[in-house]
1. Only one of these is surrounded by 15 or more Cβ atoms within 10 Å (Cβ to Cβ) and farther than 30 Å from Asn63 by Cβ: Lys114, Lys149. Name it.
2. Just to be sure, is Leu6 over 15 Å from the mean Cα position of the chain (by Cα), surrounded by 17 or more Cβ atoms within 10 Å (Cβ to Cβ) and within 20 Å of Ala87 (Cβ to Cβ)?
3. For the condition more than 13 Å from the ligand (Cβ to nearest atom) and not basic (Lys, Arg), what is the one hit in Leu73, Leu78?
4. What's the number of the condition Asp101 fails, among (1) more than 30 Å from Phe59 (Cα to Cα); (2) acidic (Asp, Glu); (3) assigned to a strand (DSSP E or B)?
5. Please enumerate the residues belonging to segment 152-166 that are out of contact with any His (no Cβ under 9 Å at 6 or more places or on another chain) and buried (at least 16 other Cβ atoms within 10 Å of the Cβ).
6. From the set of residues in segment 1-33 that are out of contact with any Leu (no Cβ under 8 Å at 6 or more places or on another chain), without any contact (Cβ under 8 Å) to a residue 40 or more places away in the chain and within 14 Å of the ligand (Cβ to nearest atom), which is nearest to Gly72 (Cα to Cα)?
7. Quick check on my filter: what residues within segment 89-122 are within 28 Å of Phe4 (Cβ to Cβ) and touching a helix residue (DSSP H, G or I) at 6+ places or on another chain (Cβ under 8 Å)?
8. Name the single residue, out of those in segment 39-64 being part of a loop (DSSP other than H, G, I, E, B) and out of contact with any helix residue (DSSP H, G or I) (no Cβ under 7 Å at 6 or more places or on another chain), that is surrounded by the most Cβ atoms within 10 Å (Cβ to Cβ).
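The values are calculated or read from the model by the stated rules, or taken from the named source; none is laboratory data. The model shown is predicted, which means the values in this text are computed figures rather than measured ones. Cβ placement follows ideal geometry from the backbone for every residue including glycine, while neighbour counts extend to all protein chains displayed.
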Amino acid sequence: MKTFVLASQNKHKAEEIKQILCSGFEIKTMDEVGLSDFEIIEDGNTFEENAAKKAVAVFEKINMPVIADDSGLCVDFLSGAPGVHTARFAGENASDSENIDKLLFELKNVPFEKRSAKFVCVIALVENSADNIKYFRGECSGFILNEKKGTSGFGYDPVFYYKEYKKTLAELGEDVKNTISHRYKALKAFSDFLK
Ligand code: IMP
(Lines give C-alpha, C1' and ligand atoms only; values in the text may rest on other atoms or scores of the structure.)
Protein backbone atom coordinates (compact mmCIF):
# COMPACT_ATOMS: atom_id res chain seq x y z
CA MET A 1 0.00 0.00 0.00
CA LYS A 2 1.33 3.46 -0.91
CA THR A 3 1.51 6.07 1.83
CA PHE A 4 1.14 9.80 1.18
CA VAL A 5 1.13 12.70 3.57
CA LEU A 6 -1.66 15.17 2.91
CA ALA A 7 -0.33 18.73 3.20
CA SER A 8 -3.49 20.30 4.62
CA GLN A 9 -4.69 21.34 8.06
CA ASN A 10 -8.31 21.20 6.88
CA LYS A 11 -9.79 18.16 8.67
CA HIS A 12 -12.93 18.14 6.55
CA LYS A 13 -10.89 17.95 3.35
CA ALA A 14 -8.74 15.17 4.80
CA GLU A 15 -11.92 13.18 5.55
CA GLU A 16 -13.25 13.66 2.03
CA ILE A 17 -9.93 12.69 0.48
CA LYS A 18 -9.66 9.55 2.61
CA GLN A 19 -13.24 8.59 1.76
CA ILE A 20 -12.71 9.09 -1.98
CA LEU A 21 -9.35 7.31 -2.25
CA CYS A 22 -10.34 4.42 0.09
CA SER A 23 -8.41 1.20 -0.55
CA GLY A 24 -4.94 1.09 -2.04
CA PHE A 25 -3.70 4.27 -0.36
CA GLU A 26 -2.79 5.27 3.12
CA ILE A 27 -3.22 8.99 3.74
CA LYS A 28 -1.49 10.46 6.74
CA THR A 29 -2.55 13.85 8.00
CA MET A 30 -0.12 16.55 9.10
CA ASP A 31 -1.06 15.72 12.72
CA GLU A 32 -0.03 12.12 12.19
CA VAL A 33 3.46 13.11 11.01
CA GLY A 34 4.01 15.64 13.78
CA LEU A 35 3.33 18.77 11.73
CA SER A 36 0.13 19.91 13.42
CA ASP A 37 1.40 23.49 13.82
CA PHE A 38 3.04 23.78 10.41
CA GLU A 39 1.36 26.62 8.47
CA ILE A 40 2.04 27.40 4.83
CA ILE A 41 1.06 30.79 3.44
CA GLU A 42 -1.06 30.40 0.32
CA ASP A 43 -0.03 33.46 -1.68
CA GLY A 44 0.16 32.01 -5.19
CA ASN A 45 -1.76 33.42 -8.16
CA THR A 46 -3.02 30.03 -9.31
CA PHE A 47 -4.33 26.84 -7.71
CA GLU A 48 -1.28 25.05 -9.13
CA GLU A 49 1.16 27.47 -7.45
CA ASN A 50 -0.52 27.09 -4.07
CA ALA A 51 -0.80 23.32 -4.24
CA ALA A 52 2.88 23.03 -5.25
CA LYS A 53 3.98 25.38 -2.48
CA LYS A 54 2.21 23.26 0.16
CA ALA A 55 3.44 19.94 -1.23
CA VAL A 56 7.06 21.08 -1.52
CA ALA A 57 7.12 22.68 1.96
CA VAL A 58 5.90 19.48 3.60
CA PHE A 59 8.11 17.24 1.44
CA GLU A 60 11.16 19.26 2.48
CA LYS A 61 10.25 18.74 6.14
CA ILE A 62 9.61 15.01 6.11
CA ASN A 63 11.04 13.59 2.88
CA MET A 64 8.07 11.32 2.24
CA PRO A 65 5.65 11.34 -0.72
CA VAL A 66 3.26 14.26 -0.30
CA ILE A 67 0.02 15.36 -1.92
CA ALA A 68 -1.44 18.82 -1.45
CA ASP A 69 -4.73 20.10 -2.72
CA ASP A 70 -5.67 23.65 -3.46
CA SER A 71 -9.24 24.37 -4.32
CA GLY A 72 -11.67 27.19 -4.72
CA LEU A 73 -14.74 28.59 -6.36
CA CYS A 74 -14.70 30.52 -9.65
CA VAL A 75 -17.85 32.50 -10.41
CA ASP A 76 -18.35 33.59 -14.02
CA PHE A 77 -20.25 36.80 -13.19
CA LEU A 78 -17.33 37.81 -10.92
CA SER A 79 -14.74 37.12 -13.67
CA GLY A 80 -13.52 33.98 -11.93
CA ALA A 81 -13.41 35.40 -8.39
CA PRO A 82 -13.00 34.45 -5.60
CA GLY A 83 -10.62 31.86 -7.16
CA VAL A 84 -7.45 31.46 -5.10
CA HIS A 85 -8.98 33.81 -2.49
CA THR A 86 -12.01 31.57 -1.87
CA ALA A 87 -11.14 30.63 1.73
CA ARG A 88 -10.69 34.27 2.74
CA PHE A 89 -13.23 35.95 0.44
CA ALA A 90 -14.81 37.87 3.33
CA GLY A 91 -11.45 38.54 4.98
CA GLU A 92 -8.67 36.73 6.81
CA ASN A 93 -10.12 33.98 9.08
CA ALA A 94 -13.64 34.50 7.70
CA SER A 95 -16.10 31.75 8.56
CA ASP A 96 -17.92 29.72 5.91
CA SER A 97 -21.11 31.63 6.57
CA GLU A 98 -19.37 35.04 6.30
CA ASN A 99 -17.88 33.97 2.97
CA ILE A 100 -21.28 32.82 1.70
CA ASP A 101 -22.91 36.08 2.82
CA LYS A 102 -20.30 38.08 0.92
CA LEU A 103 -20.81 35.95 -2.20
CA LEU A 104 -24.61 36.35 -2.05
CA PHE A 105 -24.16 40.10 -1.60
CA GLU A 106 -21.89 40.31 -4.68
CA LEU A 107 -24.49 38.38 -6.70
CA LYS A 108 -27.51 40.27 -5.40
CA ASN A 109 -30.16 40.69 -8.14
CA VAL A 110 -28.11 38.63 -10.62
CA PRO A 111 -30.50 36.19 -12.34
CA PHE A 112 -30.02 32.45 -11.94
CA GLU A 113 -28.75 31.80 -15.48
CA LYS A 114 -25.91 34.32 -14.94
CA ARG A 115 -24.83 32.74 -11.65
CA SER A 116 -22.81 29.92 -13.20
CA ALA A 117 -19.71 28.84 -11.30
CA LYS A 118 -17.28 26.01 -10.91
CA PHE A 119 -15.32 24.47 -8.11
CA VAL A 120 -11.73 23.72 -9.06
CA CYS A 121 -9.35 21.37 -7.30
CA VAL A 122 -5.68 20.94 -8.14
CA ILE A 123 -3.64 18.22 -6.51
CA ALA A 124 0.14 18.52 -6.53
CA LEU A 125 2.14 15.35 -6.01
CA VAL A 126 5.76 15.34 -4.88
CA GLU A 127 6.94 11.75 -4.69
CA ASN A 128 10.69 11.85 -4.40
CA SER A 129 12.02 15.20 -5.58
CA ALA A 130 10.82 18.76 -5.10
CA ASP A 131 11.92 19.41 -8.70
CA ASN A 132 9.41 16.89 -10.01
CA ILE A 133 5.85 17.99 -9.30
CA LYS A 134 2.85 16.36 -10.94
CA TYR A 135 -0.53 18.11 -11.15
CA PHE A 136 -4.05 16.69 -11.34
CA ARG A 137 -7.07 18.98 -11.89
CA GLY A 138 -10.77 18.40 -11.37
CA GLU A 139 -13.71 20.76 -11.92
CA CYS A 140 -17.37 20.67 -10.92
CA SER A 141 -19.82 23.05 -12.62
CA GLY A 142 -22.99 24.47 -11.12
CA PHE A 143 -24.87 27.64 -10.16
CA ILE A 144 -24.87 29.84 -7.06
CA LEU A 145 -28.31 29.99 -5.43
CA ASN A 146 -29.46 33.10 -3.58
CA GLU A 147 -30.05 31.22 -0.32
CA LYS A 148 -28.51 28.30 1.55
CA LYS A 149 -29.98 24.82 1.20
CA GLY A 150 -28.85 21.66 2.98
CA THR A 151 -26.59 20.95 5.90
CA SER A 152 -23.88 18.51 4.84
CA GLY A 153 -20.41 19.22 3.47
CA PHE A 154 -18.51 22.43 4.15
CA GLY A 155 -17.54 25.81 2.70
CA TYR A 156 -19.85 26.98 -0.08
CA ASP A 157 -21.71 23.65 -0.43
CA PRO A 158 -25.10 25.05 0.76
CA VAL A 159 -25.27 27.59 -2.10
CA PHE A 160 -23.66 25.51 -4.86
CA TYR A 161 -26.48 24.06 -6.98
CA TYR A 162 -25.69 20.98 -9.01
CA LYS A 163 -28.11 21.15 -11.92
CA GLU A 164 -28.02 17.48 -12.92
CA TYR A 165 -29.39 16.44 -9.50
CA LYS A 166 -31.41 19.65 -8.87
CA LYS A 167 -29.85 19.98 -5.42
CA THR A 168 -27.06 21.84 -3.67
CA LEU A 169 -23.94 19.88 -2.72
CA ALA A 170 -25.02 20.30 0.91
CA GLU A 171 -28.37 18.64 0.10
CA LEU A 172 -26.76 15.83 -1.88
CA GLY A 173 -24.70 14.60 1.07
CA GLU A 174 -21.14 13.33 1.20
CA ASP A 175 -21.68 10.01 -0.59
CA VAL A 176 -23.12 11.57 -3.74
CA LYS A 177 -20.90 14.66 -3.58
CA ASN A 178 -17.86 12.39 -3.55
CA THR A 179 -18.82 10.90 -6.94
CA ILE A 180 -19.15 14.23 -8.79
CA SER A 181 -16.98 16.76 -7.02
CA HIS A 182 -13.92 18.64 -8.27
CA ARG A 183 -11.90 16.88 -5.55
CA TYR A 184 -13.17 13.46 -6.64
CA LYS A 185 -12.18 14.17 -10.25
CA ALA A 186 -8.69 15.40 -9.32
CA LEU A 187 -8.15 12.41 -7.02
CA LYS A 188 -9.39 10.03 -9.70
CA ALA A 189 -6.79 11.45 -12.12
CA PHE A 190 -4.16 11.09 -9.39
CA SER A 191 -5.05 7.47 -8.58
CA ASP A 192 -5.29 6.54 -12.29
CA PHE A 193 -1.79 7.96 -12.73
CA LEU A 194 -0.41 5.77 -9.95
CA LYS A 195 -2.01 2.56 -11.27
P1 IMP B 1 -8.04 25.83 0.25
O2 IMP B 1 -8.01 24.82 -0.83
O3 IMP B 1 -7.71 25.26 1.59
O4 IMP B 1 -7.27 27.05 -0.10
O5 IMP B 1 -9.54 26.30 0.47
C6 IMP B 1 -10.37 26.68 -0.54
C7 IMP B 1 -11.73 27.11 -0.03
O8 IMP B 1 -12.62 26.76 -1.09
C9 IMP B 1 -12.28 26.39 1.21
O10 IMP B 1 -12.04 27.09 2.37
C11 IMP B 1 -13.76 26.35 0.93
O12 IMP B 1 -14.36 27.53 1.37
C13 IMP B 1 -13.84 26.32 -0.58
N14 IMP B 1 -14.05 24.93 -1.04
C15 IMP B 1 -13.13 24.09 -1.56
N16 IMP B 1 -13.69 22.91 -1.84
C17 IMP B 1 -14.98 23.01 -1.47
C18 IMP B 1 -16.06 22.09 -1.50
O19 IMP B 1 -15.96 20.91 -1.87
N20 IMP B 1 -17.24 22.56 -1.06
C21 IMP B 1 -17.41 23.83 -0.61
N22 IMP B 1 -16.43 24.72 -0.53
C23 IMP B 1 -15.22 24.31 -0.98
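1. That would be Lys149, the only listed residue that is surrounded by 15 or more Cβ atoms within 10 Å (Cβ to Cβ) and farther than 30 Å from Asn63 by Cβ.
2. Answer is no for this residue.
3. Matching residue, one of Leu73, Leu78: Leu78.
4. (3)
5. Within segment 152-166, Ser152, Tyr156, Asp157, Pro158, Val159, Phe160, Tyr161, Tyr162 meet the criteria.
6. Asn10
7. Listed by number, the residues that qualify are Lys118, Phe119, Val120, Cys121, Val122.
8. Restricting to residues being part of a loop (DSSP other than H, G, I, E, B) and out of contact with any helix residue (DSSP H, G or I) (no Cβ under 7 Å at 6 or more places or on another chain), the top hit is Met64.
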